[in-house]
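Input: a single structure, listed below in structure tokens.
Since every read-out is calculated from the coordinates, none of them should be taken as a lab result. Just so it is clear, the structure is predicted and the values come from calculations on it, not from any experiment. Don't worry about glycine lacking a Cβ; one is built from the backbone with ideal geometry, like all the others, and counts go over all protein chains shown.
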Amino acid sequence: MDLTPLTSQPLGDWEFVWRQRQFFVEGTRIAVELTFYSILLGFILGLPAGVVEAYGGKYSRGVVRPVGVAIRGTPILVIIAITYFAFGVSPAFLAATLALGVRSAAYQSQIFRGAIESVEGGQMEAARAVGLSKVGAIRHVILPQALRRSVPGFQNEFTIVLKDTSIAYAIGVTELLKRSYDLFSLQTSAALEVFLAASLIYFVLTFSVNRGIEALNDRVAIPGGNY
Amino acid sequence: MTDELLDVDDVHQSYGEEKVLEGISFEMDSQDVKVLVGPSGSGKSTMLRCINRLTDIDDGDIRLDGESIYAMDENDLRRQVGMVFQDFNLFAHLSALENVTLGLKRVRGMGEKAAVEKAAWQLEAVGLREQANSYPAELSGGQQQRVGIARALAMDPKLMLFDEPTSALDPELIGEVLEVMRELAEEGMTMLVVTHEMGFARQAATDVLFLEDGKLVEQGPPNQLFENPERDRTRDFLGRLTSLHGSQ
């Protein structure tokens, strides 16, 4: 996007933000994509990790648990830097997605583990008593209930991942925060307006997603039940 | 080899240091209805759970149709032995009908249509045709337990295990569950029942087995055990149970 014409004439700060709306929209799109792919990757890795933590044997658990602890104990900026600079994952968008996704997996695994462990022990017993294998019982009886119970946990997870996409700024991904920073450098007087606009966008996104998750929670609720 | 349907042979079981079953032996022929009674902690529920391998034994053997259940695939065994739980344990996310069809589809490999037909018939047999599409949380305890019975029966088991099927129910709901069990006994189902319902034992049982401290101390037809028990302890216990739970 060509910014030069805008710098040639002095503009009101809100007007400046408004004129750059397309620039914000593009950054928002990148933030949303980062969030989507990171949560998706987190789900793909985090669900099996949660199942292993809840039902795994000594060895599988012995691997999954420490890895989760290590990832959760590492700042996201460090994970992103390692992915991009040390492992050389490129382009930056891919590196950011991997880093955010793996970190999200480490947290999602705990959402799933907690939800699985909250399903009453009698459910597994009854499933086994009918003749289902352990895997069959997990798939047809435990997970359908545990996944419903994990929905509220995603309100936090979405909010955290969405806001943390801003850290992709550190490796040059032109998401919302990076773009706000660029705009602020063009018109330093508009610092408040630019960053307020960015926060407003983050807020609208998190708010809508949270509302969406609440609606999803109602939709999947078991009739007559608490979950 | 024996011709009994079930042969429980000198079964020992313990949880860590605590011995739960100490050499239990009994046999069941096809169509027998045996009621296990005894004080709490005597090992009744553990005995049931050993028979479908929800609990492992330390020593002894259990044979179904002459074959050791430990030589069988455990899922294969469980297909042949139905279990009804004290707390119902219905699959909370599935309707009454789906609770019954799950095993038919996923364990017996039946198609959707055949499974639904069989499940609907089975629910009707326990008087729950109207509730087929209700979820467990929408049903009363008595209805839930009848779904639990239908779920087990649909697998066409050779033997049904009942683990205190009415203990979690409000008194006014016990009758409907016992009624279903009585009908089942009359139809010739082989049943092993842990219960305190002495009325049911008197009416439906071929034998009553009295367990105490992990040992089978006395067994016999209900009349004999209720009227002429060999041991005073048995008389005391059954007498107390009858005054508490004998009305049904």
### Query
Does any residue in segment B:22-37 that is closer than 23 Å to B:PHE237 by Cα come within less than 7 Å, Cβ to Cβ, of a residue that is among the basic types (Lys, Arg) six or more places away or on a different chain, and which pairs are these?
B:GLU22/B:LYS215; B:GLY23/B:LYS215; B:LEU36/B:LYS44
### Residue, farthest from A:ARG149 (Cα to Cα), within segment B:103-119, restricted to residues that are surrounded by fewer than 23 Cβ atoms within 10 Å (Cβ to Cβ) and aliphatic (A, V, I, L, M)
B:ALA114
### Task
Restricting attention to segment A:89-128, report how many residues are over 22 Å from the mean Cα position of the chain (by Cα) and either within 14 Å of chain B (Cβ to nearest Cβ) or under 17 Å from A:ALA170 (Cα atoms) (or both).
11
### Query
Filtering segment B:128-154 down to residues that are surrounded by fewer than 16 Cβ atoms within 10 Å (Cβ to Cβ) and touching a residue at least 24 places away in the same chain (Cβ under 8 Å), which residue is nearest to B:SER167 (Cα to Cα)?
B:SER140
### Message
Looking at (1) surrounded by 19 or more Cβ atoms within 10 Å (Cβ to Cβ); (2) within 13 Å of chain B (Cβ to nearest Cβ); (3) in contact (Cβ under 8 Å) with a residue 12 or more places away in the chain; (4) more than 22 Å from A:ASP218 (Cα to Cα), which one does A:GLY131 not meet, given that it meets all the others?
### Response
(3)
### Query
If B:GLU74 satisfies every condition in (1) closer than 27 Å to B:ARG151 by Cα; (2) among the acidic types (Asp, Glu); (3) touching a Gly at 6+ places or on another chain (Cβ under 7 Å) but one, which is the exception?
(3)
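Suppose the filter is within 14 Å of another protein chain (Cβ to nearest Cβ) and either of a type in the set (A, V, I, L, M, F, W, C) or surrounded by fewer than 17 Cβ atoms within 10 Å (Cβ to Cβ) (or both); does B:PHE26 pass it?
It is false that B:PHE26 is within 14 Å of another protein chain (Cβ to nearest Cβ) and either of a type in the set (A, V, I, L, M, F, W, C) or surrounded by fewer than 17 Cβ atoms within 10 Å (Cβ to Cβ) (or both).
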### Message
So B:PRO165 passes all but one of these: (1) within 12 Å of chain A (Cβ to nearest Cβ); (2) part of a loop (DSSP other than H, G, I, E, B); (3) crowded, with 23+ Cβ neighbours inside 10 Å; (4) not β-branched (Val, Ile, Thr). Which condition number does it fail?
### Response
(1)
